[in-house]
Amino acid sequence: MSRRRRGVALLGLGMAVRPHAQSLLDLADRVEVVWAASRSAERCQAFAQAFPFPVTTELGRVLQDERVEAVLVLTPPASHGELGAAVLAAGRTLLIEKPVGLDTGTAVALAEQAARLDRTVGVVLQHRFRPAAQALAAAITSGELGPLCAGQCQVLWWRPQAYYDEPGRGTRARDGGGVLLTQAIHSLDLFRALVGTVDVQASIATTTGLHRMEGEDHVVALARLGEAGAPGAILASTAYYPGFPERIELVFRHATARLEGGRLDLYHQDGRHEQLAGAAASGGGADPMAFSHEAHRTLITDFLDALDEDRAPKVGLSDLIATRRLIDALLRP
């Protein structure tokens, strides 16, 4: 199978860009960053001082450049629908940050456009690509753990009020909501992928006294998991000072799996204990970008492999839409 170097562009040079830019530097043998674009000249200037990529404030310049084959959309959620549609209409492939718009309908419309135009779209849900998560997925698929009997997902993160004082943070107009779409979506997506269906039975979404914000900062729910409807629980919050690694615990017939940040522990009922440790930091504290870019690099590598192999990326819009529908259910009164 041939690998060729592809021209890519970055749209959006805000907080989310750093792990992508670092990954693209690592993958310089496979990609050429043709443009890094932002409407803000100040952000372009700051980005150019940190990374050796050409910058521009002109979106049209990016989409008209024939060297650009794929575009990474890393802008705030309110712009995802418009920019994603423009990238697909220009004949480019698309890798887009979560949550793909302010509502599920935006993601559905983008998926329909991609299908009509036969364009490849990947979604940045990088927790799927952590080695520990991949190891757990493989163990489940193998059947060695037995059927699922119970499970829970906890995202006990912290954000100070200063985080939400930034214009647009935690609002429905820019972010689409609070903790579920902005922080917990990664763990919820991984949880859903590991257990199959998550049928929400009851939930409470609220804003605690620790934050002044429009969206929710605390959600708790009961659910039925997988085809057998195993009992499950979900807790997602940015009110847990100082912030703790996200955790997924799954009880199977033959073992209990504990996935905490980048570490996996498998406790087999025959007495064996298997452990796989990866990068520990996850951005659960006051600094949301305090994590390794390794999972981003693996995700981008899979996206490039998908283009070379003429296949769908491992995480696409159908996955994102299923996770968005889970979030919709968690927020439903």
### Task
Quote to one decimal, in nm, the extra length available between Ala322 and Gln275 on full extension: 0.36 nm per residue of separation minus the C-alpha distance between them.
13.9 nm
### Message
Could you work out the relative contact order of the chain? I mean the mean sequence separation of Cα pairs under 8 Å and 6+ apart, divided by the number of residues, in percent.
### Response
19
### Task
Assuming R0 = 25 Å, can you tell me the calculated FRET efficiency for the pair Arg224 and Ile204, based on Cβ-Cβ distance, to the nearest 0.05?
0.90
### Query
Which angle between 0 and 90 degrees, to the nearest 10, do you get for helix 185-195 versus the longest principal axis of the chain when only C-alpha atoms count?
50
### Task
Can you tell me how much longer the chain between Glu58 and Asp118 gets when fully stretched, taken as 0.36 nm per residue apart minus their C-alpha distance, in nm with one decimal?
19.0 nm
### Message
Quick check: the distance between the Cα centres of segment 98-130 and segment 150-197, to the nearest angstrom?
### Response
18
### Query
How much length is gained on full extension from Glu42 to Asp26, taking 0.36 nm per residue of separation minus their Cα-Cα distance?
3.2 nm
### Task
For segment 59-71, just list the computed ³J(HN,Hα) in residue order, Karplus coefficients 6.51, -1.76 and 1.60, θ = phi - 60°, integers in Hz, with x standing in for Gly and Pro.
4, x, 4, 5, 6, 8, 7, 5, 6, 7, 9, 9, 10
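Going through segment 25-88, which trypsin sites (Lys or Arg not before Pro) have at most 13 other Cβ atoms within 10 Å and a DSSP loop state? Please report the intermediate quantities before stating the final value.
Values: sites: Arg30, Arg39, Arg43, Arg61, Arg67; in loops: Arg30, Arg39, Arg67.
Taking segment 25-88 and a limit of 13 other Cβ atoms within 10 Å, the loop trypsin sites (Lys or Arg not before Pro) found are Arg67.
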### Task
Just rank Cys44, Cys153, fewest to most, by other beta-carbon atoms within 10 angstrom.
Cys44, Cys153
### Query
Roughly what would the spin-label model give for Tyr241 and Arg258, points 7 Å off Cα along C-beta, in nm?
2.7
### Summary
Rg (one decimal) and Dmax (whole number) from the Cα set of segment 6-126, in Å, equal 13.4, 40
### Message
Among His273, His127, His80, which one shows the highest mean-square fluctuation when the chain is modelled as a Gaussian network with alpha-carbon springs under 10 Å?
### Response
His273
### Task
With a cut-off of at most 10 other beta carbons within 10 Å, and DSSP calling the residue loop, which GluC sites (Glu not before Pro) in segment 1-91 qualify? Please list them.
Glu66
### Task
Enter the per residue convex hull volume of segment 136-196, computed from alpha-carbon coordinates, in Å³ rounded to the nearest integer.
96
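Laboratory data are not the source of any read-out in this text; all were calculated from the coordinates shown. Quantities reported herein were computed from a predicted structural model and do not represent experimental measurements. Note: ideal-geometry Cβ built from the backbone for every residue, glycine included; neighbour counts use all protein chains shown.
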